[in-house]
Amino acid sequence: MSEIQTSVETRTGAGRGLSATPAPRILVVEDEAALSLLLAYNLEAEGFVVDRVERGDEAEIRLSEVIPDLIILDWMLPGVSGLEICRRLRAREVTRTLPVIMLTARGEESERVRGLSIGADDYVVKPFSVPELMARVRALLRRARPDRVAGVLSAGDLELDRQNWRVHRGSRDVHLGPTEFRLLEHLMEKPGRVFSRAQLLDSVWGLSAEIDERTVDVHVGRLRKALSNTGERDPIRTVRGAGYSFDETFSKA
């Protein structure tokens with residue numbers, strides 16, 4: 001059994017909770033290679049299995065072979081537009097309820113209404129915050145496939161409830177700001193893995209964030225203060241010269 005227990009085990013591979021349930025599969029359909037790679041990097045860091053294609057017609061072929069758990073779909077694509085792909089997905093019984101997040105540079109209200117009316121479940125305007133998009137992915141999967149995404153992470157007497165944005169340690173509530181919550185969530189997902197300050201900035205704040213790496217130290221300090229009262233063991237481990245990790249032995253304490 002994994003060091004980190006989840007209400008629904010979904011991770012596979014070394015260092016993650018083992019389960020017969022595979023990780024959710026995400027199809028990214030985006031013709032901007034740099035953005036597609038960025039999305040895949042962050043989704044895989046969250047534990048998802050990612051497929052990438054850059055053309056609408058390629059997406060049609062991939063969808064005929066494997067139905068993902070969620071699709072991130074660019075509006076403007078070569079071959080077949082994202083809007084047309086979404087329309088076709090909703091016309092087919094097998095993909096009628098497939099969660100779709102539409103990416104677009106079109107921010108006008110009329111365009112958002114158009115995209116949602118075609119059947120997109122969510123609509124994200126470029127440029128966007130990567131952490132926000134990750135949160136939207138998890139939220140959609142929780143609603144569409146609650147059996148595939150863990151709603152609660154726990155280790156020892158520490159419990160993080162993703163759905164209700166609450167953290168408990170033993171019998172007490174731990175009050176965290178949004179950044180500290182995301183930071184703890186990211187660390188708890190991969191116990192024992194050491195993240196550099198730069199990696200934490202990428203995953204928690206987003207690659208576009210213009211924030212000094214020392215900001216990570218400040219927020220880790222706040223997180224530690226909130227999590228550990230006098231005499232309580234600190235679950236966050238500092239690795240000198242490398243970064244931070246969630247102590248993989250914490251659940252054995």
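Tell me whether the range 25-144 comes out rounded, prolate or oblate; compute the Cα gyration tensor, take square roots of the eigenvalues as a ≥ b ≥ c, and use a/c under 1.5 as the rounded threshold.
Note, shape of the range 25-144 comes out rounded.
Using the Cβ atoms and a cut-off under 12 Å, what net charge is assigned to the surroundings of residue 56, where Lys and Arg are +1 and Asp and Glu are -1?
-4
State whether the range 152-246 is rounded, prolate or oblate according to the following rule on the C-alpha gyration tensor (a ≥ b ≥ c being the square roots of its eigenvalues): a/c under 1.5 gives rounded; otherwise a/b larger than b/c gives prolate, and the remaining case gives oblate.
prolate
By per-residue mean of other Cβ atoms within 10 Å, what is the highest-first order of 230-239, 125-134, 196-205?
Values: 230-239: 13.4, 125-134: 16.0, 196-205: 18.8.
Ranked from most to least packed, the peptides come out as 196-205, 125-134, 230-239.
If we count every other residue with Cβ under 10 angstrom of residue 136's Cβ, Lys/Arg +1 and Asp/Glu -1, where does the sum land?
-2
Tell me, what % of the accessible area of the range 25-144 is carbon and sulfur with a 1.4 angstrom probe?
51 percent
For the range 154-253, what is the accessible area per residue in Å², given a 1.4 Å probe and the full set of protein chains?
51 Å²
Taking the Cα centre of the range 152-246 as the origin, how large is its charge dipole in debye, to the nearest 20, when only Lys and Arg (+1) and Asp and Glu (-1) carry charge on their Cβ atoms?
240 debye
The values are calculated or read from the model by the stated rules, or taken from the named source; none is laboratory data. The shown structure was predicted, so the numbers you read here are calculated from the model rather than taken from an experiment. Cβ coordinates were reconstructed from backbone atoms using ideal geometry, including for glycine residues, and neighbour counts include every protein chain displayed. The area values use the complete protein model at the heavy-atom level, side chains included, leaving out ligands, DNA and RNA. Shrake-Rupley method; radii C 1.70, N 1.55, O 1.52, S 1.80 Å.
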